[in-house]
1. On C-alpha positions alone, give me the angle between the axis of helix 76-97 and the longest principal axis of the chain, in degrees, nearest 10.
2. Kindly provide the helix-only [θ] at 222 nm of the chain, computed as the sum of -39,500 (n - 2.57) over DSSP H runs of four or more divided by all residues, to the nearest 500 deg cm²/dmol?
3. Let's test the formula: R0 of 30 Å, r as the Cβ-Cβ distance of residue 87 and residue 45. What FRET efficiency results, to the nearest 0.05?
4. Rounded, prolate or oblate: which fits the range 1-64 when a ≥ b ≥ c are the square roots of the eigenvalues of the alpha-carbon gyration tensor, with rounded for a/c under 1.5 and prolate only if a/b beats b/c?
5. Rounded to the nearest 10 degrees, what's the angle between the helix 4-18 long axis and the longest principal axis of the chain, both from Cα atoms, 0 to 90?
6. What are the extents of the Cα atoms of the chain along their three principal axes, listed from largest to smallest and rounded to whole Å?
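No lab work stands behind these numbers, since they all come straight from the coordinates. The shown structure was predicted, so the numbers you read here are calculated from the model rather than taken from an experiment. Note that we place each Cβ from the backbone using ideal geometry, even for glycine, and neighbour counts take in every protein chain shown.
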């Protein structure tokens, strides 16, 4: 298994070797491939291993993207964390605002079940 330090080195080498523009295109491409695998799976035509393969590709490319963005914005990770926190709070609020209907359908309601 490749350790964390070697992994960071590989990300940096990839960006330097192939260039930021090419790696930005690869981020988008890998995200599209993951989206397609998820759609195939939802239609019963894929398997979890295919999704896992694409998730690994996306994670690798996201780490390269974060590396590139840190060069543009040194506090990029903190900005991402702040957005993530706000979005998770919004999800929590949305979940708190929804109640389960007795038949199992989700309905929006402020009433207790």
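1. Roughly 10 degrees, rounded to the nearest 10.
2. My calculation for the chain gives -26000 deg cm²/dmol from helical runs alone.
3. Efficiency at R0 = 30 Å is approximately 0.50.
4. oblate
5. 70
6. Over the chain, Cα extents along the principal axes are 58, 38, 28 Å.
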